[in-house]
């Protein structure tokens, strides 16, 4: 029984890691699904737009979803029109941009995952690049390839060019290789950047490591107890109001925190 | 047992997300069913009407269904002819349009989902566009295609044109690509728009984030308890009335809230 | 256990939706069965009558069935010959037509479903239209088709025309497309109309939203308890009567509501 509790505790501690792994798996799965079921490269002049849309649109949607799911963004924006002082407190003009930056950074995780997975797979990039009209990109892709490459590049993904099968296959492999190189580059730079920002944030913190750990545990405990208390109070208040309503009485006074107190607690 | 309760609590908290995912799955499923079972492009001059009807009619039905399911719309309209002051209270002339806007926005979720799924699939759009008579659209679609494209475009979805199979396949792919690009565009702009409106609504709120959380919990609790109380009162009242009826007695007085109280509580 | 009860409660609340979904499934199933087993287009001059009968007769039967199933229609008509004042109470001459309208509207749901499903399937409409003799309809259907279309349209559903198979197939597809467009049009307008009437009825209601909810709960509870009480009283009365009969006694007095009270309660 003790071992079982230990396992559960371990998993609860690793909540963040498990959450991210689950998200990564979901991303890989949905990318495979998309590229198999929905993605059909048109092999015409629309290649570039089509490929880029499949590469970027889901990333955009995931970014917006990240904003929606993030509690901090709502904490920041709720009531900001009525009380603009809240967003730009005196002497801390940067506070708003600091929090906004934090929100954007944490919302970027999912889109980055999508982009990495999509680039590592290579289907979308291959289609997008094969429709290019830019001279310099064509120069780069078709270097040392037969002359047809310049004119029929957009038919490469469908394999319907007048080139030999070997040449066609070679072009496809080369495009996919570029996509995967780009993908790894994105992953490497994103992870390095996240390390740097975390280091910087920790460096600027005014408390020591142990103290920070304590505050994290405290914050979590407080959140849990706050939820319970809110539920409790809501229960009592609604019971009182309904009773008064059906019995045609004036409600008794109910002790509630003032608006300023709520505001400060947020 | 504790872990199990935690899981249930988690799912209850994510109710909205689970509901929307379920709705999305249902939409995808019914779209597949429709396009496989019911949809047969006529490949004649009726193509445009037929495709547009399959694209837009279910969205329209879903919009109306959204109105029906939404409790707020009934709260708004109930008794509004008898008491027009309710819809346009003094000094808050915009209140009616504000609530109506909220209802319309939340009813738009399902139709948007349908349109997105249908456009990403591409069958309906392909049929609708292949029946076009407009010179400019034809120019756009048939650019760089053989001359038959201008005359036999409406037979493309059935593959019964006098063009080569490759050309036909290319035209179909290109139409489907346009449909998917449009679908992604719709999804991206809809998600961005929903983020903007939610942000704006939160910005205008007069209470802080924590207070809002409290009121949400309160509203839910009150709703649950209201249902129980209503059931209780209805039970008692009906028991009394039936007893009086069968025993030929005058009913006793029964304490009930006045009409004005009901009205105010709504 | 709590979660399980929540699920049951959810399903009980969604009773109406589940009922309608079940009805829709039943309609689709029986329509499929009819068009596969019973429907054989005669491909002669009787086409129009045959198709229209299959399209409209089940709708008529469902309308009548709707009247039978509806409790309110029996409440309205029971005893109306003996007491015509009941149907046309003084000062409320419209009351009869108002209730009748309600009954007709709620009975129209099932026929509308049948018509929609049958039109979306298209078999019945195809047969009905292919037997047309009207010049204008023929003009509409056979536009741009070979000359045989005018003479052999009624053989199209069986595929026994002297036209090529392609032309025949095209004609069939075009007729089915018309049927489906008509079906979607019917669904869209019916849903819009039902939204409008519900809105209007709610607007005219004299009570607020919450009060309406209370009365609905009350009516249901009263109905349940009335059934129990009736059973109880009937039990007692029959026991007394039988006992008296076998023991050759005069029955004791039994307290019963008067006729006027019954009438008023209905």
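The values are calculated or read from the model by the stated rules, or taken from the named source; none is laboratory data. Keep in mind that what you see is a predicted model, and the values were worked out from it rather than measured. Reconstructed Cβ throughout: ideal geometry from the backbone, glycine too, with neighbour counts over all protein chains shown.
Name the single residue that is farthest from residue C:80 (Cα to Cα) among those in segment C:232-266 being at pLDDT 80 or above and within 12 Å of chain B (Cβ to nearest Cβ). Checked segment C:232-266; the qualifying residue farthest from residue C:80 (Cα to Cα) is C:236. Residues in segment A:139-149 include none that are in contact with a helix residue (DSSP H, G or I) (Cβ under 8 Å, 6 or more places away or on another chain), buried (at least 22 other Cβ atoms within 10 Å of the Cβ) and at pLDDT 80 or above.
Closer than 30 Å to residue B:141 by Cβ and assigned to a helix (DSSP H, G or I): is that true of residue A:10 in this structure? So that I can check it myself, show each step before the final result.
Values: closer than 30 Å to residue B:141 by Cβ: no; assigned to a helix (DSSP H, G or I): yes.
Judged against the criteria, residue A:10 is not a match.
Which of the residues belonging to segment B:33-75 are loosely packed, with under 14 Cβ neighbours inside 10 Å, more than 27 Å from residue B:161 (Cβ to Cβ) and more than 10 Å from every other protein chain (Cβ to nearest Cβ)? Matches in segment B:33-75: B:33 only.
Does residue B:29 satisfy the criteria of being out of contact with any helix residue (DSSP H, G or I) (no Cβ under 9 Å at 6 or more places or on another chain), in a helix (DSSP H, G or I) and modelled with pLDDT of 75 or more? Yes: the conditions hold for residue B:29.
Return yes when residue A:219 is part of a helix (DSSP H, G or I), within 25 Å of the chain's Cα centre (by Cα), closer than 29 Å to residue B:218 by Cβ and modelled with pLDDT of 80 or more and no when it is not.
On the way: part of a helix (DSSP H, G or I): yes; within 25 Å of the chain's Cα centre (by Cα): yes; closer than 29 Å to residue B:218 by Cβ: yes; modelled with pLDDT of 80 or more: yes.
Considered against the rule, which asks whether it is part of a helix (DSSP H, G or I), within 25 Å of the chain's Cα centre (by Cα), closer than 29 Å to residue B:218 by Cβ and modelled with pLDDT of 80 or more, residue A:219 comes out as yes.
In the set (1) over 30 Å from residue C:174 (Cβ atoms); (2) within 8 Å of another protein chain (Cβ to nearest Cβ); (3) in contact with a helix residue (DSSP H, G or I) (Cβ under 6 Å, 6 or more places away or on another chain), residue B:185 fails one condition alone, (3). Just the residues that are surrounded by 14 or more Cβ atoms within 10 Å (Cβ to Cβ), at pLDDT 75 or above and within 7 Å of chain A (Cβ to nearest Cβ), please, taken from segment B:193-213. Within segment B:193-213, B:195, B:199, B:202, B:203 meet the criteria.
Among the residues of segment B:61-95, those that are assigned to a helix (DSSP H, G or I) and either under 27 Å from residue C:184 (Cα atoms) or at pLDDT 80 or above (or both) comprise B:61, B:62, B:63, B:64, B:65, B:66, B:67, B:68, B:69, B:71, B:73, B:74.
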